[in-house]
Structure formats: structure tokens, C-alpha cells
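Throughout, read-outs are computed from the coordinates displayed, never taken from laboratory work. Because the structure is predicted, anything quoted here is derived from the model rather than measured. Note that each Cβ is placed from the backbone with ideal geometry, even for glycine, and that neighbours are counted across all protein chains shown.
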Amino acid sequence: MSQALIIDALRSPRGRGNDKGALRHTKPVDLLAQQLTALAQRTGIDTAEVSDAFIGCVSQTGEQGANIAKLALVRAGWSDSVPGLSINRYCASGLSAVHLAAQEAIACDGLAVGGGVEMMSRVPMASDKGPLTHDWEFQQQTTLVPIGISADVIATMEGFDRAQCDAYALASQQRAVAALAAGRSASVVPVTAGEGQVLLSQDETPRAQTTLEGLGQLPPAFAAMAEKYGFNPLLCQRYGLVRIDPVHHAGNSPAMADGASAVLLASPAAARRLGLQARARILATATVSVDRTLALTGAVPASQRALALAGLTAADIDLFEVNESFAGLMLHYMKHMNVSHDKLNVNGGAIALGHAMGSTGSALLGTALDELERRQARRALVSLCGAAGLAVAMVVERC
């Protein structure tokens, strides 16, 4: 089967996902439309050639409801012939959207778009009030505990202490700050207001002032919740633990963010026919689901499956871009994938850069391609885990 080509992958800078963020006055439909406009302009495509657009968005309510994928295409002035589909696979949504677009491009021997959007300053997490967050009876019956508590359980099971988690978080901040200073962001499209003034040109969330001492003073984020709802005895019994160590807090957990991203996919024949130069080809993609209670360990088996489908091993990969769900989970990934930190999230991750849930997966593709091109390296693996055990991974090779 032909391998889908990535013609281009663009993303907005990530804004802080709160009432102080630089993008808070921008509507989600406008933020995504700006990325779609830039994608059409940079690639020079006739948008009528695009057979479909798949957009990840987790909180599909309010300003992010009513099929924001199609509405953003309209807002961007794309041809009315382009359909649009909004999807929710939790934090894996953006990369799953790219996977669907790659399948569409090959099946139709043409062009397709994958991407994502999430504006957590305007549509806060869990605004859709679904059973995962708002049905306590359902959560008890299914043991779907809040993912921050799951992160603490996994860190405890693996023996990762708070000092290790804080050291990882500090490295993420330092790498992100260094990357911003060096201008390693070719795939970033500045966000503008209606009058044309630039609202944000680079990621807003990294904190250059972060220190180990400062991280050490932050209170555990999930211990009180675990105590209030009686999760700890249940989880200790389920996983054979004496206690659960509350090692995660605001400083070593992913920051909430605003962001949008768009990726143009093509079949090899369509790229030749339309004169499009590809940045990379997709070698393999894998989607898995794991223990729904632990939830966040899925990036490992997803990565392993994608590598097996590509006929590769972790040693064949130059760069790993893995969503920093929590610091303990990144330590888990490095341990079980046998990946060194000098190959993982080399320009920082969501702890520093922020996690715009529906967009992060597709945004990481642009981050990975930028760094592959800068280093003249060959292959990257992108992976994300999500709630309820969902995870996705993709192996790409630079053209």
C-alpha cells in the first residue's frame, strides 16, 4: 500500500489557557481558520482538490461545538466542496485526525487535511460535562479515576519519586526556553487579530524562571481529590500498593493551552500530479487502548506497535515527540521504550509548552519535522496517550 505524504504541517503558537492568555479574545473557529488559510497559502493548493478535513477537538461544546471542522473551513474561505469532521479521541485526537486524513488521501488518491483545535481559555476542560468527568456513579462503576491520580499511581508503581519528576519538568522548561531563543519554530504561524496586528508569534507558556527549588514548593495537585473521594484504598488494593505517593503538581503536569494546527496529506500520485513537495512520509500508525484505570501508559504499546508495523526498532528513530501528559509518564516511557532523554522532546514538551488537547497531536508533527530538518535527521516517532486508556503513535520519515 502507498505511504501517505506529509506536504506541510503548521501550528499556531500555544497561548496560556486561562484569562491571561494572549489568545483569549480569539474564537476557536478563527484560530483554526488562520491555520487552514496559512496551509493553503504555503502549499499553493486549490482547496477544491481536498477530499476531506478531520479535526481533533476534545471539548466539543459551545464555541467548539457544531462541527468546528466544517465551520473553520468555511471561515477560512475554502471550497464548499470540502467536507469536515470533528473527532474526539481525548488527547490523542489531533494525531488520530492526521491518521484518518492519511487514509483518506490514499483511498481517494488525492489530498486530505488533519489537524486540531482547543482553546482552553474559552472552553475549559470538561465543559462538555460528559460522564468521564461529571457522572460520579459511572466513574465509580467503571473505575475511571481522574488522570492526575492515575499518573500518581503509575509513578508509585514504577518507583519514580518527586525529585525525579521535578528534574524532568525543569529540563522541559529549559529546553523550551532555549528552543524559543534559537527560533526553532519554522512550522509556527503567528496569530493575528481581525485588524492584522500580531497577537502571539511564539509559544507563551514556557517559564524561564523555573527552578528545582520553586518546583519543590508546589503542593501536590491530586492528593486531596484522591482522599476526598476515597480512591487510594481502591487503587492500592487493585494494584497491590501499600500507599500512593502524590508526586505530581502544577509544575510537572501539562499546562492548559490554546492552540490549533493543520496538516496537509497527499497520496504520492497526487503530490506528483499537483507538483507538491513533501516534507515527510508516514511509515506507520498505531492506535491502542490499555488499562482504563491507569489510562496513561498507552504511549508505550502504541509506539511499539507502530515501530513493528514500520519494521523498525526504537534504535532506528532519531527523535521522539511524546506528549508530556505528566512527568512520571515520561520517565515511564523512557524506561519501557529504552529511549534516552537526549532523543525525547528535545525542544521541551507540554509541561513547558502547554497542551491544547485536541491540537497537540497534529502540532507535534510540525515540531518533529522542524527538528528533523534542522538536524538533517531521518525518522521521528510521535505519540500521545489519553483518558480511558486511549493512545496513538505515528512513525514518519523525512523526505
> Taking neighbour Cβ counts within 10 Å as the exposure measure, how do S201, S383 sort from fewest upward?
Replying inline: S201, S383
> In terms of modelled amide H atoms, which long-range or inter-chain residues lie less than 5 Å from the amide H of L23?
Replying inline: R16
> Relative to the longest principal Cα axis of the chain, at what angle does helix 299-310 sit, 0 to 90 degrees, rounded to 10?
Replying inline: 40 degrees
> Taking the alpha-carbon set of region 181-244, what are its Rg and Dmax in Å?
Replying inline: 21.2, 59
>> If amide hydrogens are placed 1.01 Å from N in the peptide plane, which non-local residues have theirs closer than 5 Å to the one on A4?
In response: I282
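With both bridge residues required to lie in the chain, what share of the DSSP beta bridges run antiparallel, to the nearest 5%?
Bridges in the chain are about 70 percent antiparallel.
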>> Please give the charge dipole size of the chain, origin at the Cα centre, charges +1 on K and R Cβ atoms and -1 on D and E Cβ atoms. Round to the nearest 20 debye.
In response: 360 debye
>> Just want the ordering: K27, K228, from fewest to most Cβ atoms lying within 10 Å of their own Cβ.
In response: K228, K27
> Once Rh is set to the Kirkwood radius over Cα pairs, what Stokes-Einstein translational diffusion coefficient, in µm²/s, holds for region 162-216 at a temperature of 25 °C and a viscosity of 0.890 mPa s?
Replying inline: 189 µm²/s
> Can you work out ³J(HN,Hα) from phi for every residue in region 338-346, in order, using Karplus 6.51 cos²θ - 1.76 cosθ + 1.60 and θ = phi - 60°, giving whole Hz and x for Gly and Pro?
Replying inline: 6, 10, 7, 5, 6, 10, 10, 6, 5
>> Give me the mean projected area, in nm² to one decimal, of the convex hull enclosing the Cα positions of region 270-351.
In response: 7.0 nm²
> Can you list the HN-Hα couplings for region 177-192, worked out from phi with the Karplus curve (6.51, -1.76, 1.60; θ = phi - 60°), rounded to whole Hz and with x for Gly and Pro?
Replying inline: 5, 5, 5, 5, 5, 8, x, 8, 8, 4, 8, 7, 10, x, 9, 10
> Where the centroid of each part is defined by its Cα atoms, how far is region 157-229 from region 336-386 in Å?
Replying inline: 14 Å
>> Based only on other Cβ atoms within 10 Å, what is the fewest-to-most ordering of S267, S253, S340?
In response: S340, S267, S253
> Once mean projected area of the Cα convex hull in nm² is worked out from the coordinates, which option in [x] 24.1; [y] 18.2; [z] 19.1 does it equal?
Replying inline: [y]
> Quick one: Karplus J couplings for region 138-155, per residue in order, coefficients 6.51, -1.76, 1.60, θ = phi - 60°, nearest Hz, x for Gly and Pro?
Replying inline: 4, 4, 5, 5, 9, 6, 8, 7, x, 5, x, 5, 4, 4, 5, 5, 4, 4
> For region 1-78 and region 138-154, what is the separation of their Cα centres, given in Å?
Replying inline: 32 Å
>> Can you pull out the GluC sites (Glu not before Pro) in region 175-233 whose DSSP state is coil and whose Cβ has at most 13 other Cβ atoms within 10 Å?
In response: E195
